[in-house]
Amino acid sequence: MKSTLALSKNTIKTKTLAVLAAIAAAVALPQVFHYLGVLSGFGPMPGATFLPMHIPVLIAGFMAGPAAGLIAGALSPVFSFVFTSAAFDTPMPALIILPFMVIELAGYGFIAGLLCKSKKPVLLNLMIAQAAGRALRALAVLIAVFIFGLNNPPTAVSTIWTTITIGLPGILLQWALIPLFIHRFKKS
């Protein structure tokens, strides 16, 4: 009984550390990408293109389970907003997209966590988590359009499609890095 309790505490501690590491990385990585974008003359575009906040959240879900993925995904954009609001003139993400990012990233982390013990290839599980997160964001955008009475659903659909096409390099980067990371971690 004692060893089970110790394992349980260790698991909780490990999952807590995974969540904290994911949040820290999800706040820091976009800053690096935005900074490199400013230095290179591309402005903040590399953040929207390479989706650096998504990587640690997805990894947290795959490594620590659905609760850890959900918490990391929901809190990462909030902490990023609070940190960048205090440190810079322009918060990231912008307040108008913050709720949609919270929903999308929480979805990524939760679904990745549900799939963490799946026997399917990590890449397939990653694609499922990505599709689910984007679908949740799209649903949230459409609900917001109808709740707030914006009579332009085609613009909402266009916005959803634009975030996917602009973020395609980031999606491909996730396909390359996340399965490799998970495979290396499980080997060690």
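Numerical summary
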quantity	calculated
Relative contact order (percent, whole number), the range 11-55, Cα cutoff 8 Å, 6+ residue spacing	36 percent
Neighbour count of at most 10 Cβ within 10 Å plus DSSP loop: longest trypsin sites (Lys or Arg not before Pro)-free window in the chain	1-116
Long-range lysine pairs (8 or more apart or interchain), the chain, Cα under 20 Å	13
For the range 124-134, Karplus couplings with θ = phi - 60° (6.51, -1.76, 1.60), whole Hz, Gly/Pro x	5, 4, 4, 4, 5, 4, 4, 5, 5, x, 5
Correct option for volume of the Cα convex hull per residue in Å³ [calculated from the coordinates] among (1) 119; (2) 139; (3) 674	(2)
Sites residue 175 and residue 87 - FRET efficiency at Förster radius 35 Å, r taken between beta-carbons, to 0.05	0.65
In nm, spacing of pseudo-spin labels at residue 143 and residue 20 (7 Å Cα→C-beta vector)	3.2 nm
The range 47-117: chymotrypsin sites (Phe, Trp or Tyr not before Pro) in DSSP loop, at most 14 other beta carbons within 10 Å	88
Proximal charge balance of residue 63 [Cβ under 12 Å; K/R count +1, D/E count -1]	+4
For the range 65-75, 3J(HN,Hα) per residue [Karplus equation, 6.51 cos²θ - 1.76 cosθ + 1.60, θ = phi - 60°, Hz, x = Gly/Pro]	x, x, 5, 5, x, 4, 5, 4, x, 6, 8
Helix axis angle, 168-187 relative to the chain longest principal axis, alpha carbon, degrees	10 degrees
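Where a number appears in this text, it was derived from the coordinates with a stated rule and is not lab data. All values reported here derive from a predicted model rather than from experimental measurement. Positions of Cβ are backbone-derived with ideal geometry, glycine not excepted, and every protein chain shown enters the neighbour counts.
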